[in-house]
Structures are given as structure tokens and as C-alpha cells.
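**Student:** I'd like to ask you about the structure that follows.
The values are calculated or read from the model by the stated rules, or taken from the named source; none is laboratory data. This one's a predicted model, so the numbers in the text were calculated from it and none came from an experiment. Glycine also receives a Cβ, built like all others from the backbone with ideal geometry; neighbour counts cover every protein chain displayed.
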Amino acid sequence: MGPLGRPASLSGAKSAGKPALLGVNPAGQAAYDDPGVRSRRRTPMTFIKPYLIRLSHCDPTGFVFLPNYFYIFNALVEDWFYEALEIPFDAFLMERRLSLPTVRLETTFSKPTRMGETVDFWLTATHIGRTSLRLTMGVDKDGEQRVRMNRIAVCIDQETDRPIDIPADVRAKINDFMRG
């Protein structure tokens, strides 16, 4: 089962011994929706990655040190590229000389996560613009919300440090993912 008890199916390669899953967006919500209101739009696909919380993620109390969530969310985007989009993220950065830096970030921390827990990190692409990508991301444990994040990233040419159109092949794969 995926977040909030939604069905999920195995997809793609394994990472760190845990399979990635594809499922529906938790609660059928679009980015920036009120959590109490279900979206009228078709439910987008969600990339779900079970993740073991380790000592290195935690503060001395054994809870995830909040900035470490952002490192894990960044790894989730990389995994999404490799496993769901089947685009080598290293080639996107190093060979194509592109990047996807965050330009806007809203995060809500609802409940702490402890060392030793396995939680579901998930990602839904909710909008693709000419140069930007909007992602809704989260952390759930047994259907319980831990973290919610809305992130806007912009495709940047590393040579000029200027926004550029998201390449057609990347756009096509993201659109395919969004359609399910």
C-alpha cells in the first residue's frame, strides 16, 4: 500500500534494497490544495520510496533533524529521474549541463520521525511550465502525514546560469508520468 492506504504497484529498479512504487497522490490532492478538500482533477501519479531513517539523519534526541529532510527530498528527485522517468540524473547535470534548483519552497512538519522508522517519501509532479516544474512531496508513515512540501524548481543552463526551456525529451517523460 502507498501513502494513506492507496494501492501502489512496483515500478522500476530497486534503490538501497527498497523498491520504488507508483501510486496515486495521497488524498487525491493537487499542490497547494486545502487538505480537507478533494481535488476535482484526475488523480496524478505519485512516486513513492520507502526510506529507513538512520542515525545520520537525526539529532541527539533520535528525531530527524529537520534540514536533513531536504537532503532526502533531493535524493528522492534524483531517484524519480532514474527510476520513474528513466532519465539518468547524472547525465542531466554533468553531460547536458542542466540543473533544477529550487526557487520556491513551502514545508509543513506535522509529526516527528524517529531513527529506525521506515517511512514513505513520495513525489507528485503537479505542473510543468515552460522552464519550471512544480512538485508536491511528502513523508507518511502508515497513512499518517509527517511532512508536506510544495517545491518549484526551474531548469537552468549551467553555462549561463539562466532559465531555459525544459528539454522536450524531459518534458515528454514528465508529462507521461503525470498522466500515469
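Here's the yes/no breakdown for (1) in a helix (DSSP H, G or I); (2) touching a residue at least 40 places away in the same chain (Cβ under 8 Å); (3) farther than 16 Å from Trp80 by Cβ:
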position	(1), (2), (3)
His127	no, yes, no
Arg130	no, no, yes
Thr136	no, yes, no
Val139	no, yes, no
Val147	no, yes, yes
Arg151	no, yes, no
Val170	yes, yes, no
Ile174	yes, yes, no
Phe177	yes, yes, no
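**Student:** Filter the stretch 101-116 down to residues that are surrounded by 15 or more Cβ atoms within 10 Å (Cβ to Cβ) and in contact with a Lys or Arg (Cβ under 6 Å, 6 or more places away or on another chain), then give me how many there are.
**Tutor:** Counting residues in the stretch 101-116 that are surrounded by 15 or more Cβ atoms within 10 Å (Cβ to Cβ) and in contact with a Lys or Arg (Cβ under 6 Å, 6 or more places away or on another chain) gives 2.
**Student:** Go through the stretch 48-81 residue by residue and tally those that are in contact with a His (Cβ under 8 Å, 6 or more places away or on another chain), in a helix (DSSP H, G or I) and touching a residue at least 40 places away in the same chain (Cβ under 8 Å).
**Tutor:** The qualifying residues number 1.
**Student:** Out of curiosity, is Leu98 modelled with pLDDT of 50 or more, surrounded by 13 or more Cβ atoms within 10 Å (Cβ to Cβ), within 18 Å of Met178 (Cβ to Cβ) and of a type in the set (A, V, I, L, M)? Don't jump to the end; show me each part of the working.
**Tutor:** On the way: modelled with pLDDT of 50 or more: yes; surrounded by 13 or more Cβ atoms within 10 Å (Cβ to Cβ): yes; within 18 Å of Met178 (Cβ to Cβ): no; of a type in the set (A, V, I, L, M): yes.
Answer is no for this residue.
**Student:** If you go through the stretch 132-149, how many residues are buried (at least 17 other Cβ atoms within 10 Å of the Cβ) and of a type outside the set (A, V, I, L, M, F, W, C)? Explain how you work it out, then say what you get.
**Tutor:** Step one: filter the stretch 132-149 for residues buried (at least 17 other Cβ atoms within 10 Å of the Cβ), giving 133-140, 145-149.
If we keep only those that are of a type outside the set (A, V, I, L, M, F, W, C) as well, we get 134, 136, 138, 140, 145-146, 148.
The total comes to 7.
**Student:** Continuing with this model, one more query. Identify all residues within the stretch 153-168 that are free of Cβ contacts under 8 Å to residues at least 40 places away in the same chain and either within 22 Å of Tyr71 (Cα to Cα) or surrounded by 18 or more Cβ atoms within 10 Å (Cβ to Cβ) (or both); write none if there are none.
**Tutor:** Matches in the stretch 153-168: Ile166 only.
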